[in-house]
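Enquirer: Here it is: the structure, laid out below.
The values are calculated or read from the model by the stated rules, or taken from the named source; none is laboratory data. Keep in mind the model is a prediction, meaning the values are calculated, not measured. So basically every Cβ, Gly included, is an ideal-geometry build from the backbone, and we count neighbours across all protein chains shown. Accessible surface is based on the protein model in full, side chains and every heavy atom, while ligands, DNA and RNA are left aside. Shrake-Rupley method; radii C 1.70, N 1.55, O 1.52, S 1.80 Å.
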Amino acid sequence: MSDKKELKLRSLLIHGGIERDEATGAVNIPIYQTSTYKQDGLGQDRGWEYSRTGNPTRAAVEKLIADLEQGAFGLAFASGLAAISTVLSLFQSGDKLVVSDNIYGGTFRILDNVFKHFGITYKIVDTSDLAKVEAAIDEDVKAVYIESPANPLLTVTDIAAVSEVAHKKGKLVIVDNTFLTPYLQRPLTLGADIVIHSGTKYLGGHSDTISGFVVVNDEKLAERLYYLQNAIGGVLAPWDSFLMIRGIKTLGVRMDRHVENAQKIAKWLLESGYVSRVYYPGLESDPGYVVQKKQADGPGAMISFVLKEGYDYKAFFKNLKLITLAESLGGVESLVCHPASMTHAAIPADIRKQVGIVDELIRFSVGIEDVTDLIADLEQAIENAKIG
Ligand SMILES: *Cc1c(COP(=O)(O)O)cnc(C)c1O
């Protein structure tokens, strides 16, 4: 269908990418569970050779994520980190990256303990401060790598402004868009060069599949990334590609409910008298509110908060009945985590403190349950965590 680009995002979620199986008319793309393909003669394949290089089910989800991000080229990986490591493999020894000061712990880990060994280094910068980004970009810097809102403090970076500053100096802008998804934010349209996703989170949406994506517009960049995807080999399996397509179909309705619940819970937390700090860019009082409103269609559903003195955060985690203590986020079910010991444990304690990831910080991935049940669970868990 050539007129797909005219469809609204909510329709693209269902009709984007490759819509149905050419051979049979099946309304869902079949799971092409095959590693290889018959060649009709030497050098005569039918467009498919080997499933690391290309697989029809994976190709369908790759086209779909590209359509959703309004990009030209999509790539699917076995995890968000497989996507990230492939993107980082664009760089060479001596290259430097400017990186947001609060990012996913695993991204920090692979920079600090894998790519650093290959001579690719990083500078941690508060990317919500444009002057600091500009000052950090020297000749050796090849790219600015941001998350917005960032994990776990939901710091908002102005993607268009950073792109302008970086492009003026000829640098790439990479945005991890996991927290908002293309349903709420499309970084390529704001000037970013590379969008990364952990599809494990909202895109899949059911906490049942690990996956990652990369989307770009530039053909040369895409060519190099496809080369690296095949060379490194961290590709998404056919079955998991199918699950991602299935998950993405309901992204819109899920996200609408996620955000609605998160707005109510953030407001409740703020007014509850239980917390000393709430981080949520959907609150007018949040420092990221204005920029997030300008560049995204919603603030997402991740909230971080710190309980007031007099409440034991460890007891709070223990007291929860409906909300589950677990790593990860973005599933239909509500999850909480303790960034300092879980998702962000890979970041050294001094850097954690410096950026504000205190031991008392609680990160909440607001699910799509009935919000009154969620608030009741929070309330009883906090009440019963009172010290003394
Ligand atoms: C989870 C996550 C990742 C890593 O993705 P995996 O699928 O777990 O490999 C990267 N970035 C963000 C923001 C994440 O939340």
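Enquirer: Here's a check for you: in segment 193-224, which residue that is of a type in the set (A, V, I, L, M) and open to solvent by less than 10 Å² (accessible area, probe 1.4 Å) is nearest to the ligand (Cβ to nearest atom)?
Expert: ILE196
Enquirer: Restrict the check to segment 175-183 and report whether at least one residue is in contact with a helix residue (DSSP H, G or I) (Cβ under 8 Å, 6 or more places away or on another chain) and either farther than 19 Å from MET255 by Cα or open to solvent by 50 Å² or more (accessible area, probe 1.4 Å) (or both).
Expert: yes
Enquirer: Okay, moving on. Considering ARG109, ARG46, ARG52, which residue is among the basic types (Lys, Arg) and within 16 Å of the ligand (Cβ to nearest atom)?
Expert: ARG109
Enquirer: Further, regarding this structure: Restricting attention to segment 5-40, and to residues there that are more than 25 Å from the chain's Cα centre (by Cα) and outside any loop (DSSP other than H, G, I, E, B), which single residue is surrounded by the fewest Cβ atoms within 10 Å (Cβ to Cβ)?
Expert: Checking each candidate, the answer is GLU6.
To keep it simple, each residue is scored yes or no on (1) part of a loop (DSSP other than H, G, I, E, B); (2) in contact with a helix residue (DSSP H, G or I) (Cβ under 8 Å, 6 or more places away or on another chain).
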position: THR157; (1), (2): yes, yes
position: VAL165; (1), (2): no, yes
position: THR189; (1), (2): no, no
position: VAL195; (1), (2): no, yes
position: THR200; (1), (2): yes, yes
position: GLY204; (1), (2): yes, yes
position: SER207; (1), (2): yes, no
position: ILE245; (1), (2): no, yes
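Enquirer: For segment 81-106, name all the residues that are within 15 Å of the ligand (Cβ to nearest atom) and of a type in the set (Val, Ile, Thr).
Expert: Answer for segment 81-106, where residues must be within 15 Å of the ligand (Cβ to nearest atom) and of a type in the set (Val, Ile, Thr): ILE84, THR86, VAL87, VAL99, ILE103.
Enquirer: Being within 15 Å of the ligand (Cβ to nearest atom) and out of contact with any His (no Cβ under 8 Å at 6 or more places or on another chain) is the filter; apply it to segment 61-75 and report the residue that is nearest to GLU147 (Cα to Cα). Show your work before the answer.
Expert: Of the residues in segment 61-75, the ones within 15 Å of the ligand (Cβ to nearest atom) are 61, 65, 75.
Filter once more, so that each one left must be out of contact with any His (no Cβ under 8 Å at 6 or more places or on another chain): 61, 75.
Values: VAL61: 23, LEU75: 19 Å.
Filtering first and then ranking leaves LEU75.
Enquirer: Do you know which residues across segment 41-66 are buried (at least 23 other Cβ atoms within 10 Å of the Cβ) and not in a loop (DSSP other than H, G, I, E, B)?
Expert: Within segment 41-66, THR57, ARG58, ALA60, VAL61, GLU62, LEU64, ILE65, ALA66 meet the criteria.
Enquirer: Continuing with this model, one more query. Pick from GLU360, GLU327, GLU333: which is closer than 21 Å to ARG254 by Cβ and at pLDDT below 95?
Expert: One residue alone meets the criteria, GLU327.
Enquirer: Quick one: would you say ALA78 is surrounded by fewer than 24 Cβ atoms within 10 Å (Cβ to Cβ), over 30 Å from ILE137 (Cβ atoms), outside the structural domain of ALA345 (by TED's automatic domain parsing) and within 12 Å of the ligand (Cβ to nearest atom)?
Expert: Taking the combined requirement at face value, the residue satisfies it.
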